[in-house]
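The values are calculated or read from the model by the stated rules, or taken from the named source; none is laboratory data. These numbers come from a predicted model, not from an experiment. Here the Cβ positions follow ideal geometry from the backbone for every residue, glycine too, while neighbour counts run over all protein chains shown. Heavy atoms of the whole protein, side chains included, go into the accessibility calculation; ligands, DNA and RNA do not. Shrake-Rupley method; radii C 1.70, N 1.55, O 1.52, S 1.80 Å.
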Amino acid sequence: MPLIKNGQQVADPWLALGDEETLPEDVPVIVSLERWQQEKDVLQTRGMELGLRLRSDQSPQQVAEDLQFFSLIALEFPKFTDGRAYSYARLLRERHGFSGELRAVGNVLRDQLLFMQRCGFDAFELPENAPVEAWLRALEDFSVWYQPVTDNRAPVSSLRRRLRVAAQ
Amino acid sequence: MYRYDEFDEALVRERVAQFSDQVQRRLNGELNEDEFKPLRLMNGLYLQLHAYMFRIAIPYGTLSSVQLRKLAHVARTYDKGYGHITTRQNMQFNWPRLEDAPAILSDLADAQLHAIQTSGNCIRNTTADQYAGVAADEIADPRHYCEIIRQWSTLHPEFSFLPRKFKIAVTGAEEDRAALRTHDIGLRMRRDADGNPGFEVMVGGGLGRTPVVGVTIREFLPEEHLLSYLESTLRVYNQLGRRDNIHKARIKILVQSVGRDAFARMVEEEWAQLRDGYLTLPQEELDTIARYFAPPPYETLEDSPPELELWQSTSPGFAAWMNENVAAHKQAGYAIVNISLKPEGGVPGDITAEQMDVVADLAERYSFSEIRATHEQNLVLPYVRKLDLMAVWQGLQQAGLATANIGLISDMICCPGLDYCNLANTRSIPVAQEISERFADLSKQRDIGPLKIKMSGCINACGHHHVGHIGILGVDKKGQEYYQITLGGSAENETTLGNIVGPAFSAAEIGDAMETIVDTYLTIREEGESFLETYRRVGQQPFKETLYAAH
Ligand code: HEM
Ligand code: SF4
């Protein structure tokens, strides 16, 4: 699956590990919440970066105390219409200060990419045959936004303030 | 009224470009209908029984003459020459072609109009009291807050895929003309002991198949916290609202299942984190937006010009219109003019392109170029000098827009029903037309007094039947159209849901049933008592008896 990270296509060094699969030696893995809860000790002491995958009914609140162990959190969109992960992403970034990779997985669609990015996702797993160039362009669909949210784009209100100050 | 600055303009243009690209991808097969559906819905484009339906946002119901002319242009150029005012103060076109959608949006953008978030599971176009800024009973002008909500909710990245659609209504007046408690969030302006403006916050109202009257979760929210509190409420809902069953996904179900107090606590907990953060509205920002809504350059006028009395005594038609359609204004010498879109035998809420042009012209000459749409599917000229009322009346009359029935029995709310809608059980427009013809006599209507009939062609309740003084719901009985009657609903200050009166009536019987209900009321009412007051005093029994006596 093509992976976009920080605005460009990159190779994916991570292995998404099924709950039944054995832990490999030398690859960083992304595990489910259940596996994390059962194998915390092993996963923490493995000497490898660790990723966590949360379903849309698993609030990151549940792992608020464990965030220091994860370099990556993958939030799942089971259907693109299930928008819970937008809130989760903002909470992870803004409330819990999570600064690792925040990856959108599942039913990720081109026309939602920009919303995801604004909420703090910096990585996106694309469908197999997605035209990556067109998807990257979708990140440029809008140049103005009203809301101050997780990304660094200045909202319209502060642009207006700048204009007013400049005019004075 | 609000005018776009370069940023608003850029956003709407970029939206048009984005949607044009999406339509192109649909037309060349890159997107299938399933993938295209959520995209078109975010832009107000529904697939209906016979054609697409396009819903254009009229933010908090306020339009300029230029904008109304643009809507007339769209009706003429891309549709069949008319449009329809909806219960959410929007305008709907029933016959556009998909291929034309980008051109329509682009033409609309020329007049600062758009269709953003007029459908889909996102924060919909915010509605407001149609008399905002001019009502004699106003506590504070709510319009700049509406505009602030419009901006905040537009393409909100966190809240564009909510469990279900989300509707916010605002009023600054004592009398609730915005049906606050039938909305997901209702905001009523208040002042604290020091006179500072703020809001009473109500949540969890809604109609549809599970009608619920909204409850207050905060008595007073200071104005600067408006957005942080809204964001907190939406965030709680976005995470906890049900997503497994579309019929249980509205915020009302969440509020009901956890209870009002628990829900309020969750919002307050989230708000404790967000308040005083970057969503706090600086006074400067509030003032900047409020300046767009500064009063127009009113003249200093006598409040009761002698001409008015003369016209009323010499023209009974004018006098009747003055009584029913003209409301009190906060500025001396000015009046609020309601334009009824419910002519005898007409389709409630429909307006032709020519009529739109007439209204736009009258607004330009006599109402500082401003028009409002109402949730009862009429229009309003908000700033008319009393001295101009005769000219306005005559202008409206020539265009068939002077029916003197605002608030009376023929001023019905009615959904499109089976004539347009693919979810309908029954037609509703012909029933409205029949009722309107049966009660065509305006002096009889005046005798009956204030009476709101609201009608939906199916359980989705687009026509607000639950909160009609008389509600009519279309039901299907073995393939036949039947109409179930509810009595005693109201979306005014004391919001109540109507009660089903008994077995449904066939299409042939429903007109007689309406007459029976009205006659019963006329017989049993006490001096000066409205239909709703009588109903609240006597209950269903007398109506049941007369309605089902013959059966
Ligand atoms: C013609 C196509 C239409 C379709 C397919 C349609 C569909 C629906 C559906 C499915 C609902 C229920 C949503 C829910 O309960 O969550 C609904 C609600 C509603 N519709 Fe429509 N509608 C249409 C037209 C209209 C029109 C023309 C109006 C205005 C006159 C309107 C006003 C409303 C309102 C106000 C509600 C809100 C009820 C509530 O608060 O729950 N709709 N519509
Ligand atoms: S109430 Fe039913 S019939 Fe009427 S417009 Fe809504 S969905 Fe259609």
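Residues whose amide H comes within less than 5 Å of that of A:V29, counting only those at least five positions distant or on another chain, are A:L15, A:G51 (H built at 1.01 Å from N in the peptide plane). For the pair segment B:464-501 / segment B:104-123, the C-alpha centres are spaced 32 Å from each other.
Separation of segment B:370-432 from segment B:134-153 is 23 Å, based on Cα centroids.
Counts of other chain beta carbons within 10 angstrom of each beta carbon in peptide B:28-36 average 1.
Taking 0.36 nm per residue of separation and subtracting the Cα-Cα distance, full extension of the segment from B:Q397 to B:D441 would add 14.1 nm. As an exercise, use a Förster radius of 25 Å and the Cβ-Cβ distance of A:Q8 and A:R95 to find the FRET efficiency, rounded to the nearest 0.05. Here the calculated transfer efficiency is 0.30. Quick check on segment B:240-347: take the gyration tensor over C-alpha atoms, sort the square-rooted eigenvalues as a ≥ b ≥ c, and tell me if it's rounded (a/c under 1.5), prolate or oblate. Here segment B:240-347 falls in the oblate category. Looking at the protein assembly as shown alone, DSSP beta bridges between its own residues are antiparallel in about 65 percent of cases. Rounded to the nearest whole Hz, the Karplus-based 3J(HN,Hα) values (6.51 cos²θ - 1.76 cosθ + 1.60, θ = phi - 60°) of segment B:412-420 follow the sequence 8, 8, 8, 7, x, x, 5, 5, 10, with x at glycine and proline. At a Cβ-Cβ separation cutoff of 4.7 angstrom, cysteine residues of chain B with no neighbouring cysteine are B:C122, B:C146, B:C414, B:C421, B:C458.
Summing +1 for each Lys or Arg and -1 for each Asp or Glu among the other residues whose beta-carbon sits under 13 angstrom from that of B:L113 gives +3. Derived scalar couplings between HN and Hα for segment B:105-115 equal 4, 5, 4, 5, 4, 4, 10, 6, 10, 7, 10 Hz in order, rounded to whole Hz, by the Karplus curve 6.51 cos²θ - 1.76 cosθ + 1.60 (θ = phi - 60°), x for Gly and Pro. With the cut-off at 1.5 for a/c, could you classify segment B:147-229 from its C-alpha gyration tensor as rounded, prolate or oblate? Since a/c reaches 1.5 but b/c is at least a/b, the shape of segment B:147-229 is classed as oblate. Taking every residue in B:14-27 and counting other chain Cβ atoms within 10 Å of its Cβ, the average works out to 2.
Take each residue in A:100-107, count the other chain C-beta atoms within 10 Å of its C-beta, and the mean is 0.
Considering only segment B:413-548, what is the antiparallel percent among its DSSP beta bridges, to the nearest 5? About 70 percent, rounded to the nearest 5.
Here r is the Cβ-Cβ distance between A:L67 and B:D419 and R0 is 41 Å; the resulting FRET efficiency, rounded to 0.05, is 0.15. A simple packing score, the average count of other Cβ atoms within 10 Å per residue, orders the peptides B:424-433, A:32-41 as B:424-433, A:32-41, with the highest score first. Please report the net charge: other residues with Cβ closer than 14 Å to the Cβ of B:V12, K and R +1, D and E -1. Taking every other residue near B:V12 into account, the sum is -3. For B:G502, the residues whose amide H sits under 5 Å from its own are B:I485, ignoring neighbours fewer than 5 places away on the same chain, with H placed 1.01 Å from N. For segment B:116-128, backbone phi angles converted through the Karplus equation (6.51, -1.76, 1.60; θ = phi - 60°) give residue-by-residue couplings of 5, 6, 8, 7, x, 8, 9, 6, 7, 3, 6, 10, 8 Hz, Gly and Pro being listed as x.
Quick check: from the Cα gyration tensor, does chain B come out rounded (a/c under 1.5), prolate or oblate? It is rounded, given that a/c, with a ≥ b ≥ c, falls under 1.5. B:F368 sits among other residues whose Cβ lies under 13 Å from its own Cβ, and their net charge, with Lys and Arg +1 and Asp and Glu -1, is -1. For the chain pair A and B, the interface hides roughly 3600 square angstrom of accessible area in total, found with a 1.4 Å probe. Pairs with C-alpha atoms separated by more than 24 Å, drawn from the list B:K165/B:K330; A:K79/B:K165; B:K37/B:K248; B:K330/B:K454, are B:K165/B:K330; B:K330/B:K454.
Pairs of Cα atoms nearer than 8 Å and 6+ residues apart set the relative contact order; for segment B:142-291 it is 22 percent. Amide H contacts of B:R218 (H built 1.01 Å from N, in plane; Pro and chain starts excluded): B:V201 sit under 5 Å, all sequence-distant by 5 or more or on other chains. For chain B, adding -39500 (n - 2.57) for each run of n ≥ 4 DSSP H residues and dividing by the number of residues yields -11500 deg cm²/dmol at 222 nm. Largest accessible area first, the listed residues B:E219, B:E434, B:E527, B:E35 line up as B:E527, B:E219, B:E35, B:E434 when surface is computed with a 1.4 Å probe on the assembled protein chains.
Computed from Cα positions, the angle between helix A:156-167 and the longest principal axis of chain A comes to roughly 40 degrees. For segment B:142-291, the solvent-accessible area of protein heavy atoms averages 33 Å² per residue (probe radius 1.4 Å; ligands and nucleic acids excluded).
Between B:K80 and B:E175, residue separation times 0.36 nm minus the direct Cα-Cα distance comes to 30.5 nm. Of all DSSP bridge pairs formed entirely within chain A, close to 25 percent run antiparallel.
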